[in-house]
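To start, the structure itself, in structure tokens.
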Amino acid sequence: MYDYKTIEQKWQKYWQENETFKTDVWDFSKPKYYVLDMFPYPSGVGLHAGHVEGYTATDIVSRMKRMQGYNVLHPMGYDSFGLPAEQYAVQTGNHPSGFTEKNIKYFSEQLNTLGFDYDWSKMISTSDPKYYKWTQWIFKELYKDGYAKYIDMPVNWCEELGTVLSNDEVIDGKSERGGYPVIRKKMKQLCIDQPKFAERLLEGLNEIDWPESTKEMQAHWIGKSIGAHVKFKIDNHDLDFTVFTTRPDTLYGATYCVLAPEHEYVDIITTPDKKEEVLEYKKVCASKSDLERTELNKDKTGVFTGAYAINPVNDTKIPIYISDYVLASYGTGAIMAVPAHDERDYEFAKKFNIPIIQVLAKNFIGSGSSEVRSDKPMTERRVVNAIIKHPTEDKYLCVNNKKYNWIDFVMGGIEGKETPIEAAKREITEETGYTDFADLREMEFIYYDTFYAAHKDVNRHITCYTVVGKLKSLEQIAISKEEQDIADIKWIDKENLIDTLTNEAHKYSFSLLMKGEGAYTDDGTHINSDILNGLNKEEAINKMVAWLEERGLGSKKINYKFREWIFARQRYWGEPVPIVHLENGEDILLEDKELPLVLPELKDYKGHNGKAPLENAVEWKTYVTENGIKGVRETSTMPGSAGSSWYYLRYIDPNNDKEFCNQELAKHWLPVDLYMGGPEHAVGHLMYSRIWNNYLYDKGLSPVKEPFKKLVHQGMILGENGIKMGKRYPEFAIDPKDIAASYGADTLRLYEMFMGPIEDSKPWSSKGVEGAKKFVDRVWRFFTNMENITDNNDGSLDKAYHTMVKKVTNDFETLGFNTAISQFMVFVNVCYKTMKCPKVYAEGFIKMLSCVTPHLGEEIWEMYGHNNTIAYEPWPTYDEEKLVDDEVNIAISVNGKLRNTIKVALNTEEEVLKDLALKDEKVTKYLEGKEIVKTIIVPNKIINIVVK
RNA sequence: GCCUGUAUGGUGGAAUUGGUAGACACGAUGGACUCAAAAUCCAUUGGUAGCAAUACUGUGUCGGUUCGAGUCCGACUACAGGCACCA
């Protein structure tokens, strides 16, 4: 039996003593491969199953690459600034570094227990002054170049935690930690100007091999939208305000404007009679957190200011409202509202009874019931169609055109000065004889269609109004013989209507009626828009922007959702910011030689009255320049993501005290070839890292535009029942150390890799672990029994072995570990069938398997008489010729149904195959009395006989 | 509401460009070994009917393309993750 405890310890000790996995970064003789795991926060809880999954995956890849002759860099370190250490310090009065170091030690022990091939000589820890010296240094560069600066801006302030929180630390308006309420407050903040990077970050997404969903999330987060600024004059004031809109082409439909409640003009323009109401509304908004604002999302609120703006395209006076659906922080904090074509504006306009002007009409041209005939003239027509409900049943009035077999709503032209409703009544009575109408009204939207009207022999371009209503009774008058001949009356069920109707436009009108009318936000043809009439969306936008620019009323403008990254926290356990605020109001940076600026020891690590804990460090805080000017240090510290934004560079050259990373080394080792980590960092860490790298690249300090070439997210490991194990930390809480102790590290690694695709979430199964253990034992029993291992090769395992080598090599490359392992199992099953295996094959198998189960691999390798580590042995190769049998199974199907399989020689000619198939007893049964229409033959695969 | 995924046996999951659905494993059942159990080895295992050969059926639902669809197209449903008044 495999004694994993002794053997695993033996090899862990061996690797450590022999520095087996130490990477000589200056060895450029071999191609490089840089595999990186997202480094963990060293919590006292230690590793969880999710860590093990990701780390094992990269471990396997790094081991394979090493065997394939690459110089592999596979480092590990710790993102060691964080709240648990801070809280420990607050509670105990001890410096957090001791606590952190203890946890790091515990974590590292756990990692070693699992047999990972980390080069511990490259270990870094973000809270180590030797490391954060360079975090501070990069920050200084950002500050010098104007990317980091102080600006006055609204922030998420948490009273209970006494700190400013970043957007991703706020969940549903509550603090991520503790769930305390968070309010918005304006404060002077140290920020990093992220929007300056927006365009490059978007472009960079095209050149990296990342999961689509993650790239999309980042693009969405950056939130680029192309639109225009439009200037609105305020009536009776010598003032104007600017709005941002993506749809300047709908300006003719702008029937009101909205300012954010916080907008600077609100107090100026509000008329005296509205003052009280406006003030009250502003107060309500200010006291609301973001959570409450979004909760009230369903219902639009707002107040009229009493003031009017002038629509620049037609000089119409339109009311100015304030409402919290307009955010002060996006765009200009003011919008023009086009209720006909924006859902929010529509909702608001309905509630406040503001006019809705349609300026875009859906265009069915080309989808009409018949084609347009190019040889016939085009005529314009206004028409109406009528959606009329049955008086008692859930059915709608349709007419069936006998000649063409169309079924449509009653439809007809609008004559002279008729309103659409009058026209509808007349048409219905003419065509059906019904006269007794109720609740007739016009639907809000008109549309266009074009078709060839056979009865008049012309093409028709129609502007179509829709009238809806019902019949009060089925009272009927006689209709003309002519009408009777044309069409029959049909009452169609609501459910079948869409399928029954012939006309696309009628279908659309009906579905609109069913789901409720609302803003029309698709493309269409401009109407009611003077200079834009007849144009489509794109043409109209261009024309309108040009028109505005000519008159100085607006311009093209690109906007981003992406905002400044607030780069300061009122916490102790983070990198001190190397800035001093001088008495004379000047802010200065520390000199390079003053770095690292180290965190001081404190008696009290708690911040008081919302102040930063470093305010307690009276002596440390005080600063006097060489010229004798007094000042105080910045007492905020950097946010958690500062140190992790560049750590992949430091691993390459972790002990360099002259620069953050030797440039020659960086050039050789970057980018990271494979980066593995959880999807929860999609827009946090992975965005910040790209920003810092982007900046360093511009400065010539990073050799690559994008730091992480290929990114893979490992999925979540769920509890046995498939349920997440708690909200905050959803990973299934197993202590890998326990599992490693009771089953062995190799088994745990094998199991987690066999569970399923690396990126999927999958439930833990203790039965599955047993299964993995069974396989490890099975391998041990067979391959350590020398009676099974032969010196000569009789070729009986050729196919099984070479297939395995090919499959496993490909699968490891593409991170398909579950299928690679099943291929190992297939090979072992074949070995058990023959009860012998040539030594060369056994060694090849063990080499590959050693990536997953390194201890087992090393031990068997040693038993085979080797006195070196298996880690640098050349990767097995396969022979394509050995993969194919000289016989293949061919499926014979009749009309696509499998009827028999036959065994024939490889590459048997098609004619021969056909003969065999047609003679086959099981097949002929299905051919009797049928005519063979066709025979499809795919060589070495399948024959399909089509019969009639 | 929007975006992105996913949907295959009792379970986790396999299936090149469309070409024999269910690899591999877990579980279950039976057998060998054992005084017995565990471990191990061997066999069977999608469903329905049948002693059986075999037949029919089967990849979330409905429809389409095709000689042939888990795979491609269209509509829908459910679940998971993300975003959420972004003008």
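Observations on the structure shown:
- Against the test of being under 23 Å from A:E8 (Cβ atoms), touching a strand residue (DSSP E or B) at 6+ places or on another chain (Cβ under 9 Å) and within 12 Å of RNA strand B (Cβ to nearest atom), the options A:F782, A:F817, A:F754 yield a single qualifying residue, A:F782.
- The residues in the stretch A:911-935 that are out of contact with any helix residue (DSSP H, G or I) (no Cβ under 9 Å at 6 or more places or on another chain), surrounded by 12 or more Cβ atoms within 10 Å (Cβ to Cβ) and either among the polar types (S, T, N, Q) or modelled with pLDDT under 80 (or both) can be counted, and the count is 4.
- Screening A:D798 against (1) more than 21 Å from A:M67 (Cα to Cα); (2) within 15 Å of RNA strand B (Cβ to nearest atom); (3) not polar (S, T, N, Q) leaves a single unmet condition, (2).
- Subset of the stretch A:219-265 that is over 30 Å from A:M687 (Cα atoms) and among the β-branched types (V, I, T) - its residue that is farthest from RNA strand B (Cβ to nearest atom): A:I234
- Selection status of A:D811, closer than 30 Å to A:W210 by Cβ, out of contact with any Gly (no Cβ under 6 Å at 6 or more places or on another chain) and surrounded by fewer than 21 Cβ atoms within 10 Å (Cβ to Cβ): yes
- Taken residue by residue, the stretch A:840-862 has at least one member that is open to solvent by 60 Å² or more (accessible area, probe 1.4 Å), of a type in the set (A, V, I, L, M, F, W, C) and more than 11 Å from RNA strand B (Cβ to nearest atom).
- Scanning the stretch A:311-354 for residues that are on the phi > 0 side of the Ramachandran plot and either within 35 Å of the chain's Cα centre (by Cα) or buried (at least 20 other Cβ atoms within 10 Å of the Cβ) (or both) turns up A:G331, A:G333.
- Every condition in (1) near RNA strand B (Cβ under 7 Å from one of its atoms); (2) under 20 Å from A:W11 (Cβ atoms) is met by A:D760 except one, and the failing one is (2).
- Residue in the stretch A:570-587 that is open to solvent by less than 80 Å² (accessible area, probe 1.4 Å) and within 16 Å of RNA strand B (Cβ to nearest atom) present: no
- Restricting the stretch A:200-215 to residues that are of a type in the set (D, E, K, R) and at pLDDT 90 or above, the residue that is nearest to RNA strand B (Cβ to nearest atom): A:K215
- Whichever residue in the stretch A:609-634 is free of Cβ contacts under 8 Å to residues at least 40 places away in the same chain and part of a loop (DSSP other than H, G, I, E, B) and, among such residues, is least open to solvent (accessible area, probe 1.4 Å): A:A617
- Out of A:D488, A:D408, A:D449, sole residue that is acidic (D, E) and either open to solvent by 70 Å² or more (accessible area, probe 1.4 Å) or over 28 Å from A:K515 (Cβ atoms) (or both): A:D488
- Subset of the stretch A:589-601 [over 41 Å from the mean Cα position of the chain (by Cα) and either outside any loop (DSSP other than H, G, I, E, B) or at pLDDT below 90 (or both)]: A:K593, A:E594
- Pick from the stretch A:870-882, criterion within 16 Å of RNA strand B (Cβ to nearest atom) and surrounded by 15 or more Cβ atoms within 10 Å (Cβ to Cβ), ranking: nearest to A:K847 (Cα to Cα): A:Y878
- Against the conditions (1) open to solvent by 60 Å² or more (accessible area, probe 1.4 Å); (2) out of contact with any Lys or Arg (no Cβ under 9 Å at 6 or more places or on another chain); (3) not hydroxyl-bearing (S, T, Y), A:M378 satisfies every one except (2).
- Among the residues of the stretch A:652-673, those identified as assigned to a helix (DSSP H, G or I) and touching a Leu at 6+ places or on another chain (Cβ under 9 Å) are A:Q663, A:A666, A:W669.
- As a summary of the residue check, A:H455 satisfies the conditions (1) touching a residue at least 12 places away in the same chain (Cβ under 8 Å); (2) out of contact with any strand residue (DSSP E or B) (no Cβ under 6 Å at 6 or more places or on another chain); (3) in a loop (DSSP other than H, G, I, E, B) except for the one numbered (1).
- Among the candidates A:E910, A:E881, the residue that is free of Cβ contacts under 8 Å to residues at least 12 places away in the same chain and out of contact with any Ser or Thr (no Cβ under 6 Å at 6 or more places or on another chain) is uniquely A:E881.
The values are calculated or read from the model by the stated rules, or taken from the named source; none is laboratory data. Treat the numbers as computed from the prediction; the structure is a model and nothing was measured. Cβ coordinates were reconstructed from backbone atoms using ideal geometry, including for glycine residues, and neighbour counts include every protein chain displayed. The accessibility values were calculated without ligands, DNA or RNA, using every heavy atom of the protein model including side chains. Shrake-Rupley method; radii C 1.70, N 1.55, O 1.52, S 1.80 Å.
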